[in-house]
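The values are calculated or read from the model by the stated rules, or taken from the named source; none is laboratory data. As the structure is a prediction and not an experimental result, all values here were calculated from the model. Positions of Cβ are generated from backbone atoms using ideal geometry, with glycine treated the same way; all protein chains shown enter the neighbour counts.
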Amino acid sequence: MAYDFARIEKKWQGVWEKEKPYAAVTGDKRPKFYGLIEFPYPSGQGLHVGHPRPFTAMDIVTRKKRMQGYNVLFPIGFDAFGLPTENYAIKNHIHPAIVTKKNIENFTRQLKMLGFGFDWDRVVDTTDPTYYKWTQWIFLQLWKKGLAYKATMPVNWCTSCKCVLANEEVVEGVCERCGSPVVQKEKSQWMLRITAYAQRLIDDLDDLDFIERVKIQQKNWIGRSTGAEVTFKATTGDDIVVFTTRPDTLFGATYMVLSPEHALVKKWMPKLKNADDVRAYQAAAASKSDLERTELSKEKTGVCLDGVAAVNPVNGREIPIFISDYVLASYGTGAIMAVPAHDDRDWEFAKKFGCEIVEVVAGGEDVQKAAFTAKDDTGVLVNSEFLNGLTVRQAIPAITKWLEEKGIGKAQVNYKLRDWVFSRQRYWGEPIPMVWCEKCGWQPLPEDQLPLVLPDVESYEPTDDGESPLSKMTDWVNTTCPCCGGPARRETDTMPQWAGSSWYFLRYMDPHNDKALASKEALDYWSPVDWYNGGMEHTTLHLLYSRFWHKFLYDIGVVPTREPYAKRTSHGMILGEGGEKMSKSRGNVVNPDDIIAQYGADTMRMYIMFIGDFEKAATWSDNAVKGCKKFLDRVWALAEAGPTGDDVTPEHEAALHRTIKKVSEDIDEMKFNTAIAAMMTLVNEFYKSKPSKGDMKVLLLLLSPFAPHIAEEMWEMLGFEGRAMSQSWPEYDESKTVEQVKELAVQVNGKLRSTVTVPADADDETVIDAAKADGKIARALEGMEIVKTIVVKNRLVNLILKPKK
RNA sequence: GCGGGUAUGGUGGAAUUGGCAGACACGCGGGAUUUAGGUUCCCGUGGGCGACCGUGCAGGUUCAAAUCCUGUUACCCGCACCA
């Protein structure tokens, strides 16, 4: 009989609203557990079926922790600043704050319908001035410590809209909205010095319980490389500084390449005989993003600077200088020494432009045919005077020492990580609390003037000069200098969305505090986050940014731990039917509201967990949802049948212990799909042999974190005391989970031939005798002798045979 | 291009981490119940008549490979102003 999920779910959600079973208690004597999910961006489309996957997963984890006696903090909030809301506001002439409020209400309704055990008294909203007051406060601390600074950076500039575009708004080099070409334009921007923390962000990963691919991806993103900085002299007398990881190949440097934006190119322009070509190349490079520049690099492009050359400091040879877009201004010094014999990109470039290829490391193929790039002891230096005969590993320190002695180079560590561009010329973000005074320069807003509230504006459109819409608010912009009291102007750029999400987990600990971002008591009690689950796509930006901010807050004594998150796991995406990404244009988007209306929240929760390996992408299937509904109907029918007997029945005892073990372990390892499969197996057992009330009790406790509404209803229906969710998590007895007899596979020469049943943990001799006694095996043994036997305890026996002579 | 992943029946996925491939579901076939459809309950279900063959593809290591190694193809995530 199908159960009335609509009535049951409404009933229990009402009960939870009143009883507040999910309230976290700061300072409680129970051990604490802080489970965190990435808070959603409240988009106008409402919740996507992708959201409930991580939410349900952590809901299950935290519900189990509560039953195991933990004081659980499982909060929710909204990361509500950002581009889509702003664009919606521009289009519809509605204040983004109103749009945000409406969207948050819709998200809240949907989240409550799914029965998540969030502590609803701790909701945070990044666009609330009482929240972003502290985002601004953290910025001021960064500024005071010299970690926030202004620098000129290239931005995407739409030549028609006359505004700065986000990378996402640039599609194949043109503006997403109007289709006009987009160029790179220099703009003064606020920057955060995350590079100052590069080494610590790598080193401290070692102590964290993050899944390996997250650690690897972060390390590669930070991209530490060791090498040397070498100064080349140009024929003009200028110094050209390069970074290289292969100083040992210095004798093989046959040309140099500067990025098209390199300052020296501008300086040399009047002297260049081919200045027009150079300018044309610079303009072409300006229209490409870094990604396109490196992607298109299959076919290398560049221009040789005619009229200037460089001198290789080790051998005094004059070598040509090129500009090419495969050298990025943002990495290293924006200039390289090119060693075509031992670098693939340089080799390709040299082949195209006819540069000389000089072998300096022997041991590979002919360097005229391919670059030899091994950086270990397989290569030996040649054509390199005092380095000849050394291996690459020996030559690197030798040449580095030589360079240092001559004063033309030094050992250098370089990171791919770049400082964080923190300015946005947009309205819907936190105002940056800085003031520009002609006399005193940039001055921070005094802390007692925070929050610096985002003023209302008439239009949210970016201005023609590329400034934020705030720049038109002259009343707001014109202010007095906090330092000298003279006339001054406010910064009109706002912060990126990453700002609010870099510290939100701290605010959850004490969300209503108006004296500090959170009290010391709350921070000491709840830190660190015990388990943070989120998407892989956030690994290199959000996750790294928030680790950076946290380390900074630790350094200034605000937070008690060096790292924000003790453990990090990651979920896969939910794809639409057919295995494609869900999107409006494909028309394969599944709305959780529809699923809940048709099958109920518990079925939705069960299915999204049963769909497949939590860490991998999974394909939505409407049909498979029904299977989970059927399972809940079957459990319901067992309860409705009115089981009797408070004790566990002997015929189900072993199965119950095994199921408790499997479900307990699987939840800890996020293998929710197999946990549910184990419960299904148990229910199939219950259909073969009727369960007692005591058997059902165990099943309901195991089911409760997954399907809390129906579990609670059946708990009450069977007359158990209190609430299922507040009982102790069931324990299992290991000795009762093991089987008394085992069925072993019998292989002959590695191929399965039969099976035998023997007592558990039987010794080798017993197993081999049993195998030989088996009819099929006995036949296979005729005329053969056993050369070798392999017994794997409780698993299999493998007999290796050969014909008797 | 660079960095990180993934690939198993008709479908979603299991596989104690080198030890009986396909648990649990969906779908499909058969049966029971039902006036009928649906629901529910039972049984069967990788391929091949068979010796056997089967975990993207090609090799290798091993008594034994979905799992380890080498090469290769396809797809997914990220690439710094989307969140």
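Check A:R547 against each of (1) under 30 Å from A:L417 (Cα atoms); (2) within 10 Å of RNA strand B (Cβ to nearest atom); (3) among the basic types (K, R) and name the one condition it does not meet.
Going through (1) under 30 Å from A:L417 (Cα atoms); (2) within 10 Å of RNA strand B (Cβ to nearest atom); (3) among the basic types (K, R) one by one, A:R547 breaks only (2).
Any residue in the stretch A:69-98 that's over 18 Å from A:Q425 (Cβ atoms): show its pairings with residues that are within 13 Å of RNA strand B (Cβ to nearest atom) and in a strand (DSSP E or B) at Cβ separation under 6 Å, as long as the two are six or more apart or on different chains.
Hits for this filter: A:F78/A:D125; A:A80/A:D125.
If A:H51 satisfies all but one of (1) modelled with pLDDT under 95; (2) within 16 Å of RNA strand B (Cβ to nearest atom); (3) over 20 Å from the mean Cα position of the chain (by Cα); (4) not aromatic (F, W, Y), what's the number of the condition it fails?
(3)
Need pairs with beta-carbon distance below 8 Å; first residue of a type in the set (D, E) and within the stretch A:602-621, second more than 6 Å from RNA strand B (Cβ to nearest atom) and assigned to a strand (DSSP E or B); sequence gap 6+ or separate chains.
Between residues of the stretch A:602-621 that are of a type in the set (D, E) and residues that are more than 6 Å from RNA strand B (Cβ to nearest atom) and assigned to a strand (DSSP E or B), the close pairs are A:E615/A:T569; A:E615/A:S570; A:E615/A:H571.
How many residues does the stretch A:715-737 hold that are assigned to a helix (DSSP H, G or I), within 23 Å of A:T674 (Cα to Cα) and either β-branched (V, I, T) or at pLDDT 95 or above (or both)?
3
Check whether at least one residue in the stretch A:560-580 is β-branched (V, I, T), surrounded by fewer than 19 Cβ atoms within 10 Å (Cβ to Cβ), out of contact with any Gly (no Cβ under 7 Å at 6 or more places or on another chain) and not in a helix (DSSP H, G or I), and report yes or no.
Yes: one or more hits.
Within the stretch A:258-266, is even one residue away from RNA strand B (no atom under 16 Å from the Cβ), touching a residue at least 40 places away in the same chain (Cβ under 8 Å), over 30 Å from A:C163 (Cα atoms) and of a type outside the set (A, V, I, L, M)?
Within the stretch A:258-266, not a single residue is away from RNA strand B (no atom under 16 Å from the Cβ), touching a residue at least 40 places away in the same chain (Cβ under 8 Å), over 30 Å from A:C163 (Cα atoms) and of a type outside the set (A, V, I, L, M).
So which helices (runs of 4 or more DSSP H) are wholly in the stretch A:593-704 and hold at least 2 residues that are within 11 Å of RNA strand B (Cβ to nearest atom)?
Qualifying helices (runs of 4 or more DSSP H): A:601-610, A:622-640, A:650-668, A:672-688.
Could you say which residue among A:S459, A:S423 is more than 16 Å from RNA strand B (Cβ to nearest atom) and either hydroxyl-bearing (S, T, Y) or touching a helix residue (DSSP H, G or I) at 6+ places or on another chain (Cβ under 7 Å) (or both)?
A:S459
Just give me the residues in the stretch A:17-48 being surrounded by 21 or more Cβ atoms within 10 Å (Cβ to Cβ) and within 20 Å of A:D602 (Cα to Cα), in sequence order.
Answer for the stretch A:17-48, where residues must be surrounded by 21 or more Cβ atoms within 10 Å (Cβ to Cβ) and within 20 Å of A:D602 (Cα to Cα): A:Y22, A:I37, A:L47.
Residue-wise test of (1) in a helix (DSSP H, G or I); (2) surrounded by 19 or more Cβ atoms within 10 Å (Cβ to Cβ); (3) among the β-branched types (V, I, T); (4) touching an Asp or Glu at 6+ places or on another chain (Cβ under 7 Å).
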site	(1), (2), (3), (4)
A:V214	yes, yes, yes, no
A:G227	no, yes, no, no
A:E261	no, yes, no, no
A:W268	yes, yes, no, no
A:A280	yes, no, no, no
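Having 1 or more residues that are within 19 Å of A:R507 (Cβ to Cβ) and away from RNA strand B (no atom under 16 Å from the Cβ) is the bar; report the helices (runs of 4 or more DSSP H) wholly within the stretch A:78-164 that clear it.
Correct list: A:96-113, A:129-144.
Considering only residues that are of a type in the set (S, T, N, Q) and either under 25 Å from A:I611 (Cα atoms) or assigned to a loop (DSSP other than H, G, I, E, B) (or both), look in the stretch A:54-77 and name the one that is nearest to RNA strand B (Cβ to nearest atom).
Across the stretch A:54-77, the extreme among qualifying residues is A:T56.
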